[in-house]
Amino acid sequence: MGAVSTTDATLRRARRSWYVYDWANSAFVTTTQTVLLAPYLTVVARRAACPGASEGCTATLSVLGVPVAPGSLALYTTTAATLLSALLLPFVGALADRTRHRHRLLGSFAWVGAGAATAMVAVGGDRWWLGVVLALVAVVSLTLSLVVNDALLVDVSGPAERDAVSSRGWAAGYLGGFLLLGLNLLLVSSPATFGLSAEWAVRVSLASAGLWWGLFTIVPVVGLRRLPARPVPDPAVDRTPAAPVRQLVRTLRGLRHHPQVLRFLLAYLVFNDGIQTVVAASSVYGQEELGFSSAQLLTTVLLVQAVAFLGALAFGRLAGRFGAKRTVLGGLVLWIVVVLAAFAVPRGAFTTWLALAVLIGVVLGGTQALSRSLFSRLVPAGAEAEYFSLYQAGERGTSWLGTLVFGLVAQLTGSYRPALVALLAFFVVGAVLLVRVDVDAGVQQARSGTDPVR
C-alpha cells in the first residue's frame, strides 16, 4: 500500500488543500501556544495562589495534591499534554493506516481541538484549572491531527517533491499565523480602542485562534475528498477493536528491519524537544526574565512568523542543493547560537531581542519542514501514519522532557536563564545522533522491505 494513484490535476488541487491545514493550525500554535497562553495562565495562576498580591508571590497551587509554582504551571501543562499524546499517538497512527479516508480523521481531531481553543475565552478570574483542561484537550487534539496530516504528505506528493512540498506547507503555516497574530497584536496593544480591558483582549485573541483553526480546516477536509479512497487491509484479516493494537505491535517489531528510521526517530526526538521547548518557553522567558509586555511579545512572534515564511522556503532550496540531512544539521548549529544569544540578552533590551527573533525565524520552519520530508522517505509504504505517529512523539507541542527540564530548573533556581542553558544538550546530542543516520541506506530499506502483513 502506498500513495494512491490519481491524475496530476487532481493531485495538484489536493496538494493546495493540504497546504491549508498548516495555515489553519498555525494560528493556534502561534497566538495561543507560543505567545499568549503561558503568560496569561501564569497571571491567572498567581491570582489564585496569592489573591490581591500577585507580585512577589511565593505560594504554590495544589494540582492533584502536588505543589506547583504558578510560574511553572503552563510548562507542566505542556508536559502533561505531551505524555498523554505519547500514549495515544501510536494507536491513532494504526487507525489512520486502516482508514480509507484520512481527511475525515484529520477533521475530527482538528475540530475537537479548535473547539477547546475557542472555549479559552472563558478562562478568567482564578479559573486556572479551566485553562489547564482546555489546553490539554487542544494540544492533544492538535498533535493527533498532525500525525494524520503528516501521513497525507505521502498521498499528495512523490518522493522527489517532498522537501519542496513540506517546506511550502510550513511556509503557508507561518503566513497564516503571521496574519492572525498581526490582528491580535492590534487588539492586545490597544484594547481600549475596541472597548476591551487588557485581560479581555487576551481572552478574545485566544478564542480567535480556535475559530481560525476550525474554519480553515474545512478547506483540507473538503479538498482532500478528491483523492481516491486509500486501499486498506482486507477486512477479513482483522476487524476487531484490538486490531490497531496488534498492528502497532507488528510495526514496533518491524523497526528492526528499518534501523535508519529508528536512528532518525531518536535524533528527532532529542533535537525537536529542544526546538519546541524554546518555542513554548520563549514568551514566559521574555515576560518574566526580560520584562517584556504582551504587546512586545506579540511583536516578536509576528516578526518570527514573517521571517520564517521566507526561511522555510529558503531551507527547501538549500535542501535541493546540499541535501535535507546536511541542511538540518546546519540548522541545529544555528539553534545552538540562538540559545547562547538568548541567554546573553540583557533585561529590557528589546532591540537585541528582535534581532534574535530574526535568526529564530530563519531556522525555525526549515529544520522542521525538512525533518518531516526526510522522514517520509525512510518509512515503508502503507505504514506512513503509524510511523508518523512515532515521529510525532518528538514533534511540535510534544516536548515533554524539554519543558519538564526547563520548568524544574526554573523552579529550583528561581531564574529562567540557567533553564535556557540546559536546553543546549538537546541540540548537541540530537545533532550527534542525526550524523549517524544513513539516509541512502534508509531509502533502500524502505523500498526493498515492508512491514509484516497486517
(Q) Report every pair of residues separated by at least 6 positions or lying on different chains whose Cβ atoms are under 7 Å apart, first residue within the range 57-76 and at pLDDT 80 or above, second part of a loop (DSSP other than H, G, I, E, B) and hydroxyl-bearing (Ser, Thr, Tyr). (A) Pro67/Thr60; Val68/Thr60; Ala69/Thr60
(Q) Only one of Leu134, Leu152, Leu142, Leu183 is within 20 Å of the chain's Cα centre (by Cα) and open to solvent by 10 Å² or more (accessible area, probe 1.4 Å). Can you tell me which? (A) Leu134
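Report yes if some residue within the range 186-195 is in a helix (DSSP H, G or I), closer than 24 Å to Val279 by Cβ and open to solvent by less than 50 Å² (accessible area, probe 1.4 Å); otherwise report no. Spell out the reasoning first.
Taking the range 186-195 as the starting set, the residues that turn out to be in a helix (DSSP H, G or I) are 186-189, 191-194.
Next, only the ones that are closer than 24 Å to Val279 by Cβ stay: 186-189.
Next cut, open to solvent by less than 50 Å² (accessible area, probe 1.4 Å) only: 187-188.
Yes - at least one qualifying residue is present in the range 186-195.
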Q | Scope the range 88-110; condition open to solvent by 60 Å² or more (accessible area, probe 1.4 Å) and assigned to a helix (DSSP H, G or I); matching residues | A | Leu88, Phe91, Leu95, Arg104, Ser108
Q.
Being in a helix (DSSP H, G or I) and crowded, with 21+ Cβ neighbours inside 10 Å: is that true of Val363 here?
A. yes
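Would you mind stating whether Gly124 is open to solvent by less than 40 Å² (accessible area, probe 1.4 Å) and not in a helix (DSSP H, G or I)? Even if it seems obvious, please write down each step before you answer.
On the way: open to solvent by less than 40 Å² (accessible area, probe 1.4 Å): yes; not in a helix (DSSP H, G or I): yes.
When the stated conditions are applied, Gly124 passes them.
Among the residues of the range 163-180, count how many are closer than 19 Å to His103 by Cβ and buried (at least 24 other Cβ atoms within 10 Å of the Cβ). Can you show your working first?
Residues of the range 163-180 closer than 19 Å to His103 by Cβ: 165-166, 168-169, 172-173, 176.
Within this subset, residues satisfying the condition of being buried (at least 24 other Cβ atoms within 10 Å of the Cβ) are 166, 169, 173, 176.
Qualifying residue count for the region: 4.
When you go through Gly323, Gly330, Gly286, Gly274 one by one, which is the residue that is farther than 26 Å from Ala160 by Cα, over 19 Å from the mean Cα position of the chain (by Cα) and not basic (Lys, Arg)?
Gly286
Any residue at all in the range 12-33 that's farther than 27 Å from Ala209 by Cα and either among the basic types (Lys, Arg) or at pLDDT 80 or above (or both)?
Yes, some residue in the range 12-33 is farther than 27 Å from Ala209 by Cα and either among the basic types (Lys, Arg) or at pLDDT 80 or above (or both).
Could you please find all residues in the range 249-276 being open to solvent by less than 30 Å² (accessible area, probe 1.4 Å) and at pLDDT below 85?
In the first step, residues of the range 249-276 are kept if they are open to solvent by less than 30 Å² (accessible area, probe 1.4 Å); the result is 251, 254-255, 258, 260-261, 264-265, 267-268, 271-276.
Thr251, Gly254, Leu255, His258, Gln276 - these are the residues of the range 249-276 that are open to solvent by less than 30 Å² (accessible area, probe 1.4 Å) and at pLDDT below 85.
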Q.
Can you confirm whether Arg317 is over 23 Å from the mean Cα position of the chain (by Cα) and charged (D, E, K, R)?
A. no
Q. Any residue in the range 111-118 that is under 18 Å from Phe216 (Cα atoms) and open to solvent by 50 Å² or more (accessible area, probe 1.4 Å)?
A. yes
Q.
If Leu354 satisfies all but one of (1) crowded, with 16+ Cβ neighbours inside 10 Å; (2) touching a Leu at 6+ places or on another chain (Cβ under 8 Å), what's the number of the condition it fails?
A. (1)
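Any residue at all in the range 65-87 that's of a type outside the set (A, V, I, L, M), over 27 Å from Gly414 (Cβ atoms) and either open to solvent by 10 Å² or more (accessible area, probe 1.4 Å) or touching a helix residue (DSSP H, G or I) at 6+ places or on another chain (Cβ under 6 Å) (or both)? Full working, then the answer.
Restricting attention to the range 65-87, the residues satisfying the condition of being of a type outside the set (A, V, I, L, M) are 65, 67, 70-72, 76-79, 82, 85.
Remaining after also requiring over 27 Å from Gly414 (Cβ atoms): 85.
Next, only the ones that are either open to solvent by 10 Å² or more (accessible area, probe 1.4 Å) or touching a helix residue (DSSP H, G or I) at 6+ places or on another chain (Cβ under 6 Å) (or both) stay: 85.
Scanning the range 65-87, I find at least one residue that is of a type outside the set (A, V, I, L, M), over 27 Å from Gly414 (Cβ atoms) and either open to solvent by 10 Å² or more (accessible area, probe 1.4 Å) or touching a helix residue (DSSP H, G or I) at 6+ places or on another chain (Cβ under 6 Å) (or both), so the answer is yes.
Sort out which residues of the range 362-408 are among the polar types (S, T, N, Q) and at pLDDT below 75, and write them in order of number.
If the condition is that a residue be among the polar types (S, T, N, Q) and at pLDDT below 75, then Gln392, Thr398, Ser399 are the ones that fit.
Please report, ordered by residue number, the helices (runs of 4 or more DSSP H) entirely within the range 409-454 with at least 2 residues that are closer than 14 Å to Val261 by Cα and either open to solvent by 60 Å² or more (accessible area, probe 1.4 Å) or modelled with pLDDT of 80 or more (or both).
424-435, 439-448
The values are calculated or read from the model by the stated rules, or taken from the named source; none is laboratory data. Since this is a predicted model, take the numbers as computed values, not measurements. Every residue, glycine among them, receives a Cβ derived from its backbone with ideal geometry; neighbour counts consider all protein chains shown. The protein model used for the area step is the full one, side chains on, heavy atoms only, and it has no ligands, DNA or RNA in it. Shrake-Rupley method; radii C 1.70, N 1.55, O 1.52, S 1.80 Å.
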